[in-house]
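These notes are about the structure you will find just below.
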Amino acid sequence: MKPRIKPTFWAIAVALLIVAALPHFWKLGSAPEGFYLDEASIAYNAYCIDRTGADEYGTRWPIFFRCFDTYTDPVDVYSAVLPIHFFGLEQGPARLPSALFYTMTCVAFFLLLRQWRLGDWFALGGGLALWLVPWVFPAGRNGAFAGHTAALFGLVMGLLLTDSALRRRSIPRGVLAGAAWAFTFYAHQSARPVVALLAIISGVIFYRLLLRRWQVVVAMAASAMVLLLPMLISVLRFPEAMTARYQQVGISQEAPSLGTAALETATHYAEYFSPRFLLISGDEQLRHHTGFGGELPRYFVPLILAGLWAVIRSWRRQPRYRLVVVGLLVSPVSAALTIDRMHSTRCIYGVVFWLLVAMIGARWLWQQRGVWRTVLLLTVCGGLVESALYLHDYFGAYQTLSRDEFMTDEIRAFKYCFQHLGSNEVLYVSGWMFSPNRCDLNMQLKPFYYVYPLFYGKVDPREYQRGGFPTDSIRLYEDSATRPGLIVLCNYIYVWQQTGPPRVFMNNEPLPPNASLDAVIPAQSSKMKIKLQYEIYRVP
């Protein structure tokens, strides 16, 4: 009987896989329409690696990429090299690795649930549930930050291969498990403390089992250490690559004392278990979360409650359940150590363990029969409705709401300029181009906004590595234009005050007397207090 069921199951699983994958790849380059600064930086560095084998600064095959002095992790950049090589320096190819890693994570999670003997259909349901979790869905589409979903994939594969290696006493699988954990370290900096704590605490809890399987443990550790050697050597030569980002966002950077830092860390840590974060509003940054509910879908509530009950009841008999609890406890550690509150991508690893609890709960409800099965079926129906509403919101209202976060209108202006710039003309970029985020730019348009002309202008990496922007094609506008071209700036910024008359800010930069208005791109800002437009002038 079982052999006859298996082909049917796999046919259904493959069909659902294809259907579920569509929202992850549909309009990948245009929804969101904009392109955040970090995305452009990652994509251009991948373009540099493809063309020259060096990053934008000329460093050959780096482990960490300097970018904005944040030292981006290697998976972010290297995973984008092949898509950009085959499809060009565009938004869609740059975002493709994030979606692919997300897809592989869902398949790996399905295999993990099967290996934990939760049943084929529950495993399939868990994989599909992960496909549309608000905690992860934006990370898989909203940017060229493949490190987030790559780290999630490494975590799930690490759990899958470690469990299999220990259960089968398989040294080859132990080697593969070590490779998966090493990959997670390369994928994203926030994963490193989580994986390290998970390993240490699991080692204490399961020391007897690990002693009986010491050969597998040694193979796993050796494999991980060998693969991490390039990173270790890089860090020893240049420690700042590992610590620079934390120095920018670490909670200790703003806390006046160690006691205050400890208190704020504990407060932030507790918030990641709050209903507000998990179920009500989630991360307030629109690049990370749509604002539609919390980080977990609300139909998970009965499943999680049942799962927690099942985990507590079987705590002693099921070592895997103890691992789930450890995972839940350590997953917010990295995020709690930073100044941002309820930052979803820095604690994204928690979604794996919350989903494991939910699927344990779903299986428990099914086994109880009677009214509990009815609860499970109603939950599944509610999940289908909630998932449909979430997708409708993501591809609908959210695309307008998040325009400012992805700098959509600035990018529209740059695209227009490079589409209409002649071969021997210069693009003059005004510092007012980035109002109301007004910043002082140097001649190379740094510190941040230089990446947009690099990306959309497809500047030759060899030329840029030699001497920065070629001044005969892109330069900072300094109240004069000595060669024909286009001037792009931002104008007319009206700020409404809550009390008193409104203040009006207007760009008073002098324009060349022979400049003529070529295009106006009104900003469709979601910030009700700000109205602005981008103006492009032609200098004959």
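The values are calculated or read from the model by the stated rules, or taken from the named source; none is laboratory data. Nothing here was measured: the structure is a model prediction, and the numbers come from that model. Please note: Cβ atoms are built from the backbone with ideal geometry, for glycine as well, and neighbour counts cover all protein chains shown.
Scan region 359-397 for residues that are within 15 Å of Trp131 (Cβ to Cβ) and over 26 Å from the mean Cα position of the chain (by Cα) and report the count.
Count: 1.
How many residues does region 431-458 contain that are at pLDDT 90 or above and either exposed (fewer than 15 other Cβ atoms within 10 Å of the Cβ) or touching a strand residue (DSSP E or B) at 6+ places or on another chain (Cβ under 7 Å) (or both)?
Within region 431-458, residues that are at pLDDT 90 or above and either exposed (fewer than 15 other Cβ atoms within 10 Å of the Cβ) or touching a strand residue (DSSP E or B) at 6+ places or on another chain (Cβ under 7 Å) (or both) number 3.
Which helices (runs of 4 or more DSSP H) sit wholly inside region 159-276 and have at least 1 residues that are buried (at least 17 other Cβ atoms within 10 Å of the Cβ) and among the polar types (S, T, N, Q)?
Details: elements: 171-187, 191-205, 207-212, 214-237, 240-249, 258-271.
By residue number, 171-187, 191-205, 214-237, 258-271.
Six or more apart or on different chains, Cβ under 9 Å: which pairs go from a residue in region 280-297 that's more than 11 Å from Met342 (Cβ to Cβ) to one that's among the β-branched types (Val, Ile, Thr) and outside any loop (DSSP other than H, G, I, E, B)? Could you list them?
Listed by first residue and then by second, the contacts come to Arg287/Thr345; Gly293/Ile280; Leu296/Ile304; Leu296/Val351.
Which residues, taken from region 300-323, are in contact (Cβ under 8 Å) with a residue 40 or more places away in the chain, farther than 16 Å from Val136 by Cβ and not aliphatic (A, V, I, L, M)? Give the derivation first.
First, pick out the residues of region 300-323 that are in contact (Cβ under 8 Å) with a residue 40 or more places away in the chain: 300, 302-311, 319-320, 322-323.
Narrowing further to those that are farther than 16 Å from Val136 by Cβ: 302-311, 319-320, 322-323.
Listed by number, the residues that qualify are Pro302, Gly307, Trp309, Pro319, Arg320, Arg322.
Out of Thr52, Thr59, I need the residue that is without any contact (Cβ under 8 Å) to a residue 40 or more places away in the chain, polar (S, T, N, Q), surrounded by fewer than 17 Cβ atoms within 10 Å (Cβ to Cβ) and out of contact with any Phe, Trp or Tyr (no Cβ under 7 Å at 6 or more places or on another chain). Which one? Let's see the steps before the verdict.
Values: Thr52 fails: without any contact (Cβ under 8 Å) to a residue 40 or more places away in the chain.
On inspection, the qualifying residue turns out to be Thr59.
Taking region 81-109 on its own, how many of its residues are farther than 30 Å from Lys458 by Cα and either in contact (Cβ under 8 Å) with a residue 60 or more places away in the chain or not in a helix (DSSP H, G or I) (or both)? If you could, list the steps in order and put the result at the bottom.
From region 81-109, those farther than 30 Å from Lys458 by Cα are 104-109; that's our starting set.
From what is left, the residues that are either in contact (Cβ under 8 Å) with a residue 60 or more places away in the chain or not in a helix (DSSP H, G or I) (or both) are 106-107, 109.
Residues meeting the conditions: 3.
Report, by residue number, each residue of region 464-492 that is small (Gly, Ala, Ser) and within 34 Å of the chain's Cα centre (by Cα).
Those that are small (Gly, Ala, Ser) and within 34 Å of the chain's Cα centre (by Cα): Gly467, Gly468, Ser473.
Return the residues of region 282-303 that are within 24 Å of Val357 (Cα to Cα) and either of a type in the set (D, E, K, R) or in contact with a Gly (Cβ under 6 Å, 6 or more places away or on another chain) (or both); say none if nothing qualifies.
Correct list: Gly282, Asp283, His289, Gly294, Glu295, Arg298, Tyr299, Leu303.
I'd like the full set of residues that are under 30 Å from Ala123 (Cβ atoms) and of a type in the set (Val, Ile, Thr), limited to region 14-58.
Val14, Ile18, Val19
Just one of the numbered conditions (1) hydroxyl-bearing (Ser, Thr, Tyr); (2) under 24 Å from Ala123 (Cα atoms); (3) within 19 Å of the chain's Cα centre (by Cα) is not true of Ser164; which one?
Unmet condition: (3).
Test Gly307 against the stated conditions and say whether it is crowded, with 18+ Cβ neighbours inside 10 Å and in a helix (DSSP H, G or I). I'd like the intermediate steps shown before the answer.
Working: crowded, with 18+ Cβ neighbours inside 10 Å: yes; in a helix (DSSP H, G or I): yes.
Here the answer is yes, as Gly307 does meet what is asked.
Only residues that are touching an Asp or Glu at 6+ places or on another chain (Cβ under 8 Å) and of a type in the set (Gly, Ala, Ser): list them for region 411-466, please.
Passing the criteria: Ser430, Gly431.
Can you name the condition, by its number, that Glu425 falls short on among (1) farther than 17 Å from Ile536 by Cα; (2) outside the structural domain of Pro134 (by TED's automatic domain parsing); (3) not polar (S, T, N, Q)?
Among (1) farther than 17 Å from Ile536 by Cα; (2) outside the structural domain of Pro134 (by TED's automatic domain parsing); (3) not polar (S, T, N, Q), Glu425 violates only (1).
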